[in-house]
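The values are calculated or read from the model by the stated rules, or taken from the named source; none is laboratory data. Predicted model only: the values in this text are computed from it and were never measured. All Cβ positions, even for glycine, are placed from backbone atoms using ideal geometry, and neighbour counts span all protein chains on display.
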Amino acid sequence: MCNICGNPSLNHSPIYSRRNFLKLVGGAGMALAVPGRDLFAAGETPKPQNVLSPGEALARLKKGNARYVEGVAKRHDFVAEREALVGGQNPFAGVLSCADSRIAPEYAFDTARGDLFVVRVAGNFMDTDGLASFEYTVKFLGTTLLVVLGHDKCGAVDAAIKAVKGAELPGHLPELVEHIEPAVKAAMAKSGDLLANAIRENVLRNVENLKAASPILSQYVSEKKLMVVGGIYKLDDGRIEWLG
Ligand SMILES: [Zn+2]
């Protein structure tokens, strides 16, 4: 049980979390004195089209993924975007994605720079740093939608299955797959394809963890200012299967 967010499967360290959050914010040059998006100074909302409700943000991601699947992605003017984003950022969605090189959230949703706040780690699980990153984008950048994006044939989840079955993994991999093992064990109790079930379970568990993460995300969810959803990217055609 985490004493910070109350989540039974997490254990956040307050010192570690605070140190990393301050490092993150300091590196981004943000003014922490700003308590919310309503007080953002002019120039910190460089993309007015990114000011969306949670439902509008999800609809935009779905349309973007449809264009990507059909091969009719927009042409992005990186020069103009670069200029607009010098003064700030207001990404409309945050994505927790696997680090797998075949998954590219900006491509998969046909989005541009400044649109997605992406946290990536093999196995797309939320740890303290990922949580702090999303707290930052929700509270200070106005993001209204978070997506936990798993994918089929995930090697990290497969490694977690092997570890649960007794395999010894090299280096720091055991520490990584520890985060995925609860989902693997839950999937083992179900019939069907173990890897596919574990991938799905891992996404769903991280969605719930993000929704329940206090003090920031849980509050925004309860006030309906934030939606957290899960999806599974299909390697064969790029389609995203939305969960829930
Ligand atoms: Zn993966």
Exercise for the section: Can you work out which of the residues in region 140-182 that are within 16 Å of the ligand (Cβ to nearest atom) and of a type in the set (G, A, S) is nearest to the chain's Cα centre (by Cα)? Expected result: G150
Practice task
Go through region 220-238 and count every residue that is over 20 Å from N124 (Cα atoms) and within 12 Å of the chain's Cα centre (by Cα).
Solution key: 0
Fill in the blank from the handout: Counted residues in region 59-82 being more than 25 Å from V229 (Cα to Cα), assigned to a helix (DSSP H, G or I) and of a type in the set (D, E, K, R) come to 2
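Please specify each residue of region 123-137 satisfying the condition of being touching a strand residue (DSSP E or B) at 6+ places or on another chain (Cβ under 7 Å), part of a helix (DSSP H, G or I) and touching a residue at least 40 places away in the same chain (Cβ under 8 Å).
S133, F134, T137
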Exercise for the section: Scan G142, G166 and give me the residue that is among the small types (G, A, S) and either within 23 Å of G88 (Cβ to Cβ) or buried (at least 20 other Cβ atoms within 10 Å of the Cβ) (or both). Expected result: G142
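Quick grid of which residues meet (1) of a type in the set (K, R); (2) within 24 Å of G244 (Cα to Cα):
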{"residue": "E44", "(1), (2)": "no, no"}
{"residue": "K47", "(1), (2)": "yes, no"}
{"residue": "G55", "(1), (2)": "no, yes"}
{"residue": "L58", "(1), (2)": "no, yes"}
{"residue": "D100", "(1), (2)": "no, yes"}
{"residue": "R113", "(1), (2)": "yes, no"}
Exercise for the section: Go through region 110-122 residue by residue and tally those that are under 18 Å from L210 (Cβ atoms) and either away from the ligand (no atom under 16 Å from the Cβ) or in contact with a strand residue (DSSP E or B) (Cβ under 6 Å, 6 or more places away or on another chain) (or both). Expected result: 5
Fill in the blank from the handout: Across region 217-239, the tally of residues that are surrounded by fewer than 18 Cβ atoms within 10 Å (Cβ to Cβ) and aliphatic (A, V, I, L, M) stands at 1
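Residue-wise test of (1) surrounded by fewer than 21 Cβ atoms within 10 Å (Cβ to Cβ); (2) of a type in the set (V, I, T); (3) within 16 Å of the ligand (Cβ to nearest atom); (4) over 19 Å from the mean Cα position of the chain (by Cα).
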site: L52; (1), (2), (3), (4): yes, no, no, no
site: F78; (1), (2), (3), (4): yes, no, no, yes
site: G94; (1), (2), (3), (4): no, no, no, no
site: C98; (1), (2), (3), (4): no, no, yes, no
Handout entry: Selection status of F125, away from the ligand (no atom under 15 Å from the Cβ) and under 19 Å from L243 (Cβ atoms)
Key = no
Exercise for the section: Please indicate, with yes or no, whether at least one residue in region 218-232 is touching a residue at least 24 places away in the same chain (Cβ under 8 Å), polar (S, T, N, Q) and under 16 Å from C98 (Cβ atoms). Expected result: no
Practice task
Starting from region 189-205, keep only residues that are on the phi < 0 side of the Ramachandran plot and buried (at least 22 other Cβ atoms within 10 Å of the Cβ), then list their pairs with residues that are aromatic (F, W, Y) and not in a helix (DSSP H, G or I) whose Cβ atoms are within a distance under 8 Å, requiring at least 6 positions of separation or different chains.
Solution key: N202/F125
Problem - Residue pairs meeting the criteria (Cβ under 6 Å; at least 6 apart or on separate chains; first assigned to a loop (DSSP other than H, G, I, E, B), in region 83-109; second among the hydroxyl-bearing types (S, T, Y) and within 13 Å of the ligand (Cβ to nearest atom)) - result: I103/S97; I103/Y233
Handout entry: So A186, is it over 19 Å from the mean Cα position of the chain (by Cα), within 12 Å of the ligand (Cβ to nearest atom) and at pLDDT 95 or above
Key = no
